[in-house]
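The structure appears right after this line, and notes come after that.
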Amino acid sequence: MVTFTLSCQYCHSQNIVRNGLARNGKQRYLCHNCGRRSRENPGSNAYPEERREEILRAYEERSSLRGLTRTFGVSRNTVTKWIKKRQHNCPR
Ligand SMILES: [Zn+2]
């Protein structure tokens, strides 16, 4: 059995408190030790690979970021990041 202990992602102190929700619904934490804010599961792996592919395909078909963010409930920043990454991986 794995016990998950919350700790600050910067200083690894466990002296943290809940500090509301981020815009994507993730729990945010405030560290009393270093005063920085942490998020649950930081990084871009919040969406599984297939989901990301699906969203990127939809973007290529419709080219409407606003529609996408509404349909899939992802943040525009996230999608933009994926698009940039993909363009970087597959140069013209
Ligand atoms: Zn800290």
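The values are calculated or read from the model by the stated rules, or taken from the named source; none is laboratory data. Quick caveat, the model's predicted, so the values are computed rather than measured. A quick note on method: Cβ atoms are made from the backbone with ideal geometry, for glycine too, and the neighbour counts reach across all protein chains shown.
The residue of region 13-30 that is nearest to the ligand (Cβ to nearest atom), among those that are within 13 Å of the chain's Cα centre (by Cα) and surrounded by 11 or more Cβ atoms within 10 Å (Cβ to Cβ), is 28. Considering region 75-90, the residues that are among the polar types (S, T, N, Q), at pLDDT 85 or above and in a helix (DSSP H, G or I) include one that is farthest from the chain's Cα centre (by Cα), namely 80. Within region 31-74, the set of residues being within 16 Å of the ligand (Cβ to nearest atom) and either at pLDDT below 85 or out of contact with any Phe, Trp or Tyr (no Cβ under 6 Å at 6 or more places or on another chain) (or both) comprises 31, 32, 33, 35, 37, 38, 39, 40, 42. Taking the criterion of being within 14 Å of the chain's Cα centre (by Cα), exposed (fewer than 12 other Cβ atoms within 10 Å of the Cβ), not aromatic (Phe, Trp, Tyr) and not assigned by TED's automatic domain parsing to the domain that holds residue 26, would at least one residue in region 52-74 satisfy it? Within region 52-74 (the criterion being within 14 Å of the chain's Cα centre (by Cα), exposed (fewer than 12 other Cβ atoms within 10 Å of the Cβ), not aromatic (Phe, Trp, Tyr) and not assigned by TED's automatic domain parsing to the domain that holds residue 26), the answer is yes, since at least one residue qualifies.
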